[in-house]
Each structure stands twice: as structure tokens, then as C-alpha cells.
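The values are calculated or read from the model by the stated rules, or taken from the named source; none is laboratory data. What you see is a predicted model; the values in this text were computed from it and never measured. Here Cβ is always computed from backbone atoms with ideal geometry, including for glycine, and neighbour counts include all displayed protein chains. Side chains are part of the model used for accessible areas, which takes the heavy atoms of the whole protein and leaves out ligands, DNA and RNA. Shrake-Rupley method; radii C 1.70, N 1.55, O 1.52, S 1.80 Å.
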Amino acid sequence: MEKITEKVLLEKGSPKTNKLEQIKTLDLSKMTLKLEDLPVKLLSRLQSLERWDLSGNRLQEFPKKLRLPALRCLDLSDNQMEDVTSLESLSSVEELKMDNNLYITVSDNYKLMVLLPNLRIFNSKDVSTHANHLRYVYSDNLRTRINALWEKSFSLPDPVTEAKMSDLETNFISAACQQVKYGPNSVADFTRWRVEMLAKEFMRSLKEPQEDAENRKSADTKENADASTLAERMQTESAADARVNVKPLKRLHSDVPASPAEESPRKSSRRVRPLIETNATRMSPRKANQAPPTPARGQARARGDEARSKEDRAQATSPEAKLQDGANQPVSLKPLHVLQCHSKQDSSEDFSTQLWACAFQPLPDSSGSGGGSRLVATCGGESLCVIDCETGMVMKKYKVPGEEFFSLAWSTVLMSREGKAPAQHCSILAAGGKRGLVKLIHPRNNMAYGEFRASRKSLSVLRFSHNQGNFLFTGSYDNKILMWDIGGVDSQYNFKVVQLMVLEVGATPLHICLPPTSPNTHLLSASENGLLCYSTKLGNNTTTKRSKEMEITFPIYKKENKNHDYHTIDGLSFLNNDIVASKNYMHPSIYLWSWSRTKAQRPDKKNLTVSAVVLAELQWASTDIPYLALNTCPGQAYIVCGDDQGRLWTYHVTNLQKNSFQSGKPIPPTEVLAWPNPTRNGLGHVEGPSINSVAMDPELRYLVALSDKNMVIVWKRQE
């Protein structure tokens, strides 16, 4: 057996380097290694290690103190592993191989799924759905039984002393392990282990509630003080992080017809349909000489009985990310392409198909997150397109006769592969609309690989969690938001979907937004009846059917009367970790407000309302047309919102922060991009339509706007 030294690690690692800290892949297979042969201090320097092959050795356990924050894939097959709890420190592992370890049982496999919170691929199979069931549903059932045991047979001592609490904890944990029974006998060892863990957690909650309450009280006091002195602190805050988290907004038609009554089962079988490759009808954009003034109040668009919505997309960015140098100056955008790629029967005369949602494809890195590309997905009518913004070519097209797509969202999931091939990240699209079905598509391989029914009514919004790419939120016209675990896929495109949570909205949800600082615990829903906040934390014996925690109100509500109802929130997106941009229907301004200070307030006990801590207002169009979209760009500190005359109102946030946060008046836009006046085959100009949705890539190289007249307008940044 060769001794593990720095020289050996450098020789067996890649890329080739002279620093352990730069190694990303390491092969220590078939070296007959035992636990004592793995030097923890030396191996701890592998802070960039992503893939580690330890197969074919003699390991009985893993070094318990070894922490490798970047490790995503670990191969421990063909060893002699016995103690799987020694892997607990590897919280970032997504793929684990444990084949041919003689002493590993089914209970051990279950323990691994609980201990490793990001584990998705186990022994080359996608287990994300099953693992989440064990982490949340199974564990919640055990918590319920543990709580019942406490209520029936135990109580706190009087007086409470350290010695009495210690004895109580020992007795309670012992009783829980003996009396709490759940699940099949084949995993009884796992159940006892999990019960012991949860019973200890329960006892800690009894011993520390007062401390937690004091911490919360201290935090609330601090946040309320911050809110009360907001005006004094604005100049300081204006220099804060202006990185953007982006979401496109949705629209809605009036009364929405129900989807077909028959229910489609959640598919785990392969259902593959090739995408259609096509070209789009093009028109020549012509830029107007100058941007027209703010539009006068327009007339409301006629809506049919069909549901309309817009996709809520989030361009995920690091919460701690700082403004890039390129964001210091406003950008110059010029129209590049005007496309008709959603036409009925590919007719160039179709100016009636309404387009609803667009989002740029993220480019995943090895961790599943990354920057953006020049490919944008758009949906409207019965089709979904993937467009190359530079060339204006429609690279993929997917049609479903009888469907009307209202929303789409990109995500990155793991695809397991056969044999020893490691799992790979793949970008997928989810799309839904009038029929209440979510379609799952892998554009790169031209595969529409499955579908599942999310509602019996039309879907208004889809939103993936940027923190866990297999978690999907769907909003629908039955006034609910559902949380799903869609898992990953295998090489045959088998998948499994599990419903995790139901949020009662009480009105049609238009947008779903996950705060960058708490994407796993909170959700904001912009709806036709206001802006609502929900807890989405899984586990801890929380119910899977939930009502709002609070409703966030805005100053414009004070001006409501029988002719003006401003409660419809038709625009919502985080501008950085804290600042939110939102828009109320019929209000000619966009609010910028603080999420942390708003959330820190105590909701009114009767109606659970809190007032948004508004930082500024941005001047926007005066129009009666609802559901016109806004969006934000992460790297360039931009907000963009279309209007009912085909124009794009752009706001460069760094300039606003430096100059105007305390002006007290609506801040004018940085620039209003005029409708490019495209012409079609000598038939004259096409008048400016309403802009339903906008999207930008992270570097703002391209801006895409969708209209209600079947036109996709691509703008390009001019250097």
C-alpha cells in the first residue's frame, strides 16, 4: 500500500497543479486503503475537490472530521463500509456510490439519505424524491408520535434543574426508541435511529425555547428600530449591494375555464416526444427617432375566457455578490430581431397569438449553478420555442395541439447514467398553461420526456427553487400554489413526482418569488388580491397545507375607492438580497421596498397585515392595462418593464441609489426604449403592442420582450 502524501495527491489529482487547493478530481481507487491511511489534516486542504474515487479499498468508515465543502461525487463502492454515519460531515455530496459493501443494509441506505441533505443519486439511481420523503414526510410522522408520547407520559419537572432534565432526557429518549413504531420491519433499525435523533431534537427544543424567544425578540427590536429610522439610513443603504435577482411577471385572463376533468396520473414511465426544429417569420425592426412621452391612460384589453399568465423566473445570483464594474454605466440597447415563431399554422399573418413568458437558459457549472447563455425560451399559444438571440434562429420548437402555454421555467437537475459513469447536470424546461398539466422538456436532447397534472384548472405561474433545482412551485386558477419534488431523471428519462405542500392563496397567484436570503423557508406570492408571505420550511412537524403568514400592504391602498382597486400585484422581483421591486395594477409607479424591514414588523393580529417599508418609487406608464411585466437583471443593476405601447422603461439602479433615493418623488426612468416599428413585406409598420413579459441574460447582452401580438423582440447591447 502506497502512503498518502502531498506528492501522491498531486499525481493522482486533476487538473495538474502544484497546489492541493486547486485539485477538483482525485482517484485513490484500488490502493487497499484503511481509515488510518487517510490523513485528515492533509486531505482537508482539498477545498476545491468535487469528485473523489475511493472504490476498491478496505475502508470500514470515513474520517468523521474531514470536511470537503466542494465535494459533489464520492465513490465508496467495493469497500468494507459499516458505519455510514461517519459520512455526516459531507453535506454537499449529491452523488454517492456504495455498491458491493457487504455490511451495508437498507436501513443504512435510508440513514444516508437523511444525513446527506443534498444526496440525489445513490448507486447510479435517482433517489431525490424518496430521500425527500424520508427527510420530511416520514420524519414528520415520527415527530407526531414522539410528541404524542410526551403528552401522554411525560412532563417537565418542577422545579427545573439540570440534573432532573438530564434524567428526563435519558428516560424520554429510551421510551421513544422502544415505543414509537412506524414503517416496515425491514427498516426498523433506521426508524429507531431516526426516533432517537428526533427525540434528542425535541428535548433540545424544550430546554432552549426561552433563549430562542429572547433572540427573536432582540432581532425584532433591532429590525423595528431600523425601520423607524429608515430615512436617516437611506444614504448609507444606497451604497449597498445592488445585485439583482430576477423574475418575469405573469398575466392573467379574466374567468378561466377549467381544465379537462379527467385526471392525468403522475408519470414515471418514459413519455418522449421530439421537438420540432423550425425557422421563424422575421420582420425588420426600425428604431424610432426618439422615445415618446409617458403614455396617456389606455383602454383595457379585451380578455377572453382564457387564463393568461406570465412566467416567474429567477436568475439566480449569489446573495453576497457585488456590483460588477460594468454596471457603473447605463447600457445602450438596440433592436436586433423581431420574430413571429408562435404563429398558428406558421402563418405570417397571425398577429393575434398572445405570448406570455420568457426566460434565458442558465449555463450550469459542476455544482449545478452558473451564468446565462444567449438561448431564451418563450411560450404562447400552443407552442414553446428556444431561440438563439444572436442569430434570431428558432433552435427548438415544441407544440401541443389544444394547449395554451402561459408560463415556463428553467432548472438544472441530475441525470443518472448507467455503469460507472457519473451523473451529469442537465438543463430542463417546465411549461404549463390552460390544461393544468406541467410538461417536462430536455431541449438539448430534443426530448419532451413527461408530464404531470398540477391542477384541474389552468396554471398561472411556474417557479423552480434556485437552491434545490428539483423543487417546483405551480400556481393555478384554483387559487393555490403547490410545491412539487420532480426529482431527477435517468438515462431512459424515467422520473417521479411527489407533492410536498399546498399554499392557500385565496386569489389567482400571478408571481412566485423566493427571497435570496431564505429560499428554503419563505415564499412571496403576488396575486389578484395582494402580496402574501408564506412559510415553506419542510420538516419540524409542520403541516403541508398552509395559509399566509402575513400580507404586505402598500401606500397606494389608501387611495382605493369603488372605481380603483390597487390590490392586484402584477409585478414582483428582488433587486438584491433585500430590495424588492413590485408594481400595483393601475398605479403609475414601481415600488422599491425593503424585505428584511418589512418582514421584521409584527403583523396585525386581526388581518395579519404589515406595511411595506418603501424606499423609493420609480415613474412608470399611466395605463389601465393589467399584468404588464417587470424584470430585473442581476449583473447590471437594471429594472425593465414594458408598457401598452410597445415601449420598455429601463431603470439603472446604481444611479438611482446614488442620486435619488431620498428625493420623495417618483424617479424618472434611465431610458424609455421606443417600439422599433417593424415592417412586414411592404405592408407598413406594425403598431406598438402591449409588452407582456421581458427577460435579460445576467450580463445584459440581450433583452427579450414578448408582445400580445405574436412578436418576440430581441434587443442587443451595444458596446
Identify, from the list 371, 326, the residue that is open to solvent by less than 40 Å² (accessible area, probe 1.4 Å), under 22 Å from residue 513 (Cα atoms) and modelled with pLDDT under 85.
371
Region 617-647, subset open to solvent by 10 Å² or more (accessible area, probe 1.4 Å) and part of a strand (DSSP E or B), residue farthest from residue 577 (Cα to Cα):
619
Being surrounded by fewer than 24 Cβ atoms within 10 Å (Cβ to Cβ), farther than 30 Å from residue 575 by Cβ and at pLDDT below 90 narrows 448, 421 down to just 421
In this structure, is residue 394 part of a strand (DSSP E or B), touching a Lys or Arg at 6+ places or on another chain (Cβ under 7 Å) and surrounded by fewer than 24 Cβ atoms within 10 Å (Cβ to Cβ)?
no
Can you tell me which residue among 605, 599, 583 is open to solvent by 40 Å² or more (accessible area, probe 1.4 Å) and not in a loop (DSSP other than H, G, I, E, B)?
599
Here is a list: 192, 135, 145, 204. Which entry is in contact with a Leu (Cβ under 9 Å, 6 or more places away or on another chain) and among the basic types (Lys, Arg)?
135
As an exercise: evaluate residue 84 against (1) free of Cβ contacts under 8 Å to residues at least 24 places away in the same chain; (2) within 28 Å of residue 132 (Cβ to Cβ); (3) touching an Asp or Glu at 6+ places or on another chain (Cβ under 8 Å) and give the number of the one condition it does not meet.
(1)
For region 484-521, name all the residues that are more than 13 Å from residue 532 (Cβ to Cβ), open to solvent by less than 10 Å² (accessible area, probe 1.4 Å) and in a strand (DSSP E or B).
484, 485, 489, 501
Count of region 691-718 residues which are open to solvent by less than 10 Å² (accessible area, probe 1.4 Å) and in a loop (DSSP other than H, G, I, E, B)
4
